Amino acid sequence: MKRLLKGGRLVDPAAGVDGEFDLLIDGDRVARVGRNLPVEDGVQVVEVPRGFVVVPGLIDMHVHLREPGQEHKETVATGTRSAVAGGFTAVACMPNTTPVNDNASITELILRRAAEADLARVYPIGAVSRGSNGELLADIGELHRAGCVAISDDGKPVATALLMRRALEYASMFDMPVIDHCEDPSLKGDGVAHEGYYASALGLRGLPAAAETVMVQRDVTLAGLTGGHFHLAHMSTAGALRAIRDGKAQGFAVTCEVAPHHFVLTDAQLESPIQYDTNCKMNPPLRSQEHVDAMIEGIADGSVDVIATDHAPHHADEKKQEFDRAPFGIVGLETCVPLVLDRLVHRGHISLARAVELLSVNPARILRRSGGTLKEGSVADITVLAPDVEVTIRAEALFSKSKNTPFDGWTLRGAAAATIVGGRTVHVNPAVSGAEKLA
Amino acid sequence: MAGQTPNPAPTRLKQRHLLGIADLSAEEILLVLDTAAAMQEIAQRPIKKVPALRGRTVVNLFFEPSTRTRTSFEVAEKRLSADTLNVAIATSSVVKGETLIDTALNLEAMSPDFIVLRHSASGACHLLSRVCRSRIINAGDGMHEHPTQALLDAFTIRQHKGRIEGLKVAIIGDLLHSRVLRSNVLLLTKLGAEVWVCGPPTLVPPGIERLGVHVTAKVDEAVEGADVIMMLRIQLERMQGAFFPSLREYFQVFGMTEERVRRARPDAIIMHPGPMNRGVEIASEVADGPYSVILEQVTNGVAVRMAVLYLLAGGVEHEAAA
């Protein structure tokens with residue numbers, strides 16, 4: 001079947017396109033892109049409402065789908081439902097499931113569940129070490145063959161410099177990045193909040209910014225030594241950004257991502273509006289203003305490659321506890337687009353094209369996946385944005401199985417209007433009027 | 001701040017709970033101290049009991065071992081004729097058991113008026129205050145606050161000095177892990193004292209100077225000309241975290257000796273919230289010296305806790321009437 005998306009602005013930075021273009025979908029592919037394409041017989045015409053923007057499908061390269069093992073928090077089905085509701089056509093899921101995704105049978109299970117759900121594409125990330133225990137390498141070749149796109153021990157750092165060196169060397173033969181959750185365990189200790197004034201005043205044990213920075217410095221150095229690709233997960237500190245810039249300046253294969261909460265919220269959130277709000281407990285923690293400013297600067301100047309949510313669903317019972325005891329993490333798939341548009345694009349930090357690079361072009365490139373462009377012949381994974389529509393985040397209305405978000409009640413300008421995967425519309429946003437035309 | 005009171009003196013506390021000194025105004029702190037002075041008189045009577053809280057139930061819910069604070073609350077409650085219930089739960093055994101909220105809601109199903117909570121997690125009282133109908137009194141939450149300790153310390157200081165404003169107060173010891181420190185800093189700065197905090201840099205909470213205190217690692221500088229010296233307990237297990245090398249060295253560098261006390265004002269008082277480690281943070285001669293008010297602090301704790309209970313209960317009557 002052919003569908004013609006007519007009118008509307010098309011932003012495809014990888015193809016150098018930004019303007020009024022029509023887009024013809026044939027089956028699961030982009031057939032043609034051009035101005036005022038003719039309407040052939042048998043083509044379904046979709047009028048893209050004024051103000052909407054057609055962009056290559058967004059890819060969230062850091063999510064936790066929790067299956068297998070923690071299905072009370074999320075499943076592949078609910079997580080991909082949340083993804084498409086948030087405008088994402090693909091997600092890369094971290095291996096810290098139970099058991100850990102360190103062998104092909106787990107990878108295959110995840111991919112089978114994703115095929116059954118048939119919503120967003122799912123790119124599994126395999127473990128660096130067996131059981132993510134930081135000792136022996138996992139069967140990385142087997143994981144690669146089964147469909148893993150990267151390796152990571154996320155939730156924990158790659159335990160030693162030697163293991164990181166070996167992982168970078170070994171994964172390079174499969175052309176896979178090693179994604180590291182950088183945090184020196186001894187400096188981290190049993191901290192629960194960013195070390196600084198607010199943690200001190202509230203009596204919360206500190207997680208110093210330096211714990212992240214020292215390990216990023218280690219990994220940048222090792223990327224230089226090995227030539228392997230080091231991707232820094234959820235960067236949150238100014239020091240880590242300096243280390244990444246330094247690595248890039250030296251020509252090393254280093255890339256990094258930032259989560260929306262790290263460019264929107266500061267650690268002052270721990271004190272108000274809700275003291276000890278466990279929906280403000282995540283790792284890395286909400287940092288102080290100078291780190292938030294640095295993240296925005298890095299996003300604006302090109303040092304940051306990707307915005308990824310670190311979508312970390314937790315059951316309400318787990319979060320409704322003492323701050324010390326509640327688990328780290330918040331859901332992010334359905335709040336990311338409004339936060340990026342409202343806080344980065346509308347505030348003038350970045351252009352819409354740059355937002356598309358951060359959310360689509362670069363994650364596709366880093367994970368060596370198709371997508372990230374709408375050039376003729378490419379896969380028809382498409383997100384339609386409504387950058388000027390105001391939406392109000394309602395935790396209880398999220399599609400994710402878990403509702404742990406600090407953004408409940410926030411009104412933001414900008415939303416995903418519709419999500420198209422392989423030429424098929426898999427979600428239209430009921431909060432955006434006109435979006436139903438894209439169904 | 002404390003001297004100029006544009007508003008008429010309050011007669012009750014604004015908040016339903018006592019979660020921390022952070023929530024109290026200078027006027028409310030003075031109200032508690034003045035009320036405690038009236039309560040002190042009850043302890044002098046042959047029959048040390050008044051009917052102020054008759055028919056009210058207070059649950060003392062302690063998740064951490066405590067002798068001083070728990071018994072002090074219990075005596076205060078009994079002197080006000082409240083029915084008291086002590087629930088002590090060893091933290092180690094609750095890891096897989098009932099949650100804090102469920103424990104509190106179960107106790108609350110028996111309709112207490114107050115829950116006095118001691119818990120190892122900072123913010124535990126705030127959590128309960130959002131789900132409980134009872135009034136919550138913080139008897140120490142993690143490394144956060146211990147408001148009744150700060151109030152009894154202020155009461156003791158005022159007894160000896162007649163005021164708080166303008167006094168130099170030196171607080172010395174493990175600042176990082178101390179809830180007594182945080183409550184005292186908040187209270188003393190609200191009432192206009194000049195507060196110096198002193199400890200090894202490994203045990204200073206980052207950013208603490210934003211609370212309006214002077215920070216130093218030099219004991220002599222902290223003590224110089226001080227009106228009040230407040231020693232904080234050093235937990236013996238802190239050596240394991242490499243916070244300092246040994247108790248012997250700690251005493252050499254930070255221990256309060258008679259020689260160091262001589263740098264303070266001649267009429268300085270020495271305080272300690274207990275329990276003390278003699279020969280670690282404080283020399284026995286100092287702890288037992290003429291300027292030590294450590295046992296008076298314990299005595300005053302009862303009157304101050306009576307005042308807190310009485311004032312919060314006044315709020316109950318007020319709401320019932322409304």
ask   = Angle, helix A:209-226 long axis vs. longest principal axis of chain A, Cα atoms, 0 to 90°, nearest 10?
value = 70 degrees
key: Sites excluded, GluC sites (Glu not before Pro) in DSSP loops with at most 12 other C-beta within 10 Å, longest stretch of chain A   = A:136-439
query = Treating the beta-carbon of each Lys and Arg as +1 and of each Asp and Glu as -1, no other charges, what is the dipole magnitude of the stretch A:85-235 about its Cα centre, to the nearest 20 debye?
reply = 40 debye
request  = Note the angle between two axes, namely the Cα long axis of helix A:289-301 and the longest principal axis of the Cα atoms of chain A, as a number of degrees from 0 to 90, rounded to the nearest 10.
outcome  = 40 degrees
query = Excluding residue A:413 itself, what net charge comes from residues whose Cβ is under 9 Å from its Cβ, given Lys and Arg +1 and Asp and Glu -1?
reply = -3
Vicinal HN-Hα couplings computed from phi for the stretch A:258-272 (Karplus, 6.51 cos²θ - 1.76 cosθ + 1.60; Hz; Gly/Pro x) = 10, 8, x, 5, 7, 10, 10, 10, 10, 5, 4, 4, 5, 9, 8
request  = Identify all aspartates and glutamates with a Cα-Cα distance to residue A:375 below 16 Å; exclude those on the same chain that are fewer than 8 residues away in sequence.
outcome  = A:12, A:18, A:20, A:22, A:26, A:28, A:357
task = Please provide three numbers in whole Å: the alpha-carbon extents of the stretch B:168-322 along the principal axes, with the largest listed first.
result = 59, 35, 29
ask   = What are the semi-axes of the equivalent ellipsoid for the stretch A:308-360, taken as the square roots of 5 times the Cα gyration tensor eigenvalues, largest first, in whole Å?
value = 30, 11, 8
Per DSSP, loop trypsin sites (Lys or Arg not before Pro) in the stretch B:97-148 with at most 15 further Cβ within 10 Å = B:133
task = May I ask which residue of A:353, A:201, A:119 lies farthest towards the positive end of the charge dipole of the protein assembly as shown, with charges of +1 (Lys, Arg) and -1 (Asp, Glu) on Cβ and the Cα centre as origin?
result = A:201
query = Considering only the other residues whose Cβ falls under 12 Å of the Cβ of residue A:71, what net charge follows from Lys and Arg at +1 and Asp and Glu at -1?
reply = +2
inquiry  = Going through the cross-link list A:281/A:319; A:403/A:437; A:401/A:437; A:248/A:281, which pairs have a Cα-Cα distance over 20 Å in this structure?
reply    = A:403/A:437; A:401/A:437; A:248/A:281
Centroid-to-centroid separation of the stretch A:67-103 and the stretch A:127-185 [C-alpha atoms, Å] = 19 Å
In order through the stretch B:225-235: 3J(HN,Hα) via Karplus (6.51 cos²θ - 1.76 cosθ + 1.60), integer Hz, x for Gly, Pro = x, 6, 8, 9, 10, 10, 9, 9, 5, 9, 7
ask   = Can you pull the three principal axis extents for the Cα set of the stretch B:133-207, in Å, largest first?
value = 39, 32, 17
Cut-off of 10 Å, at most 12 other beta carbons, DSSP loop: longest stretch of chain A lacking such trypsin sites (Lys or Arg not before Pro) = A:51-346
query = How far is helix B:68-79 tilted off the main Cα axis of chain B, in degrees rounded to 10, range 0 to 90?
reply = 40 degrees
Sum of side-chain charges, residue A:22 neighbourhood, beta-carbon under 9 Å (Lys, Arg +1; Asp, Glu -1) = +2
inquiry  = Once each part is reduced to its C-alpha centroid, what is the distance from the stretch A:349-389 to the stretch B:219-260 in angstrom?
reply    = 59 Å
key: Close Lys-Lys pairs in chain B, where close means Cα under 25 Å and separation is 8 or more or interchain   = 8
message = Checking the a/c ratio against 1.5 first, then a/b against b/c, what shape does the Cα gyration tensor give for chain A?
response = prolate
remark   = re the stretch A:172-270: pairs of Cα atoms spaced beyond 23 Å account for a percent value of 30 percent
query = How are the Cα pair distances of the protein assembly as shown distributed, in percent, across 20 Å bins from 0?
reply = 16, 41, 29, 13, 1, 0
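Bear in mind that the values in this text are calculations on the coordinates, not laboratory data. Model, not experiment: these values are computed from the prediction. With ideal geometry, Cβ positions are generated from the backbone for all residues, glycine too; neighbour counts draw on all protein chains shown.
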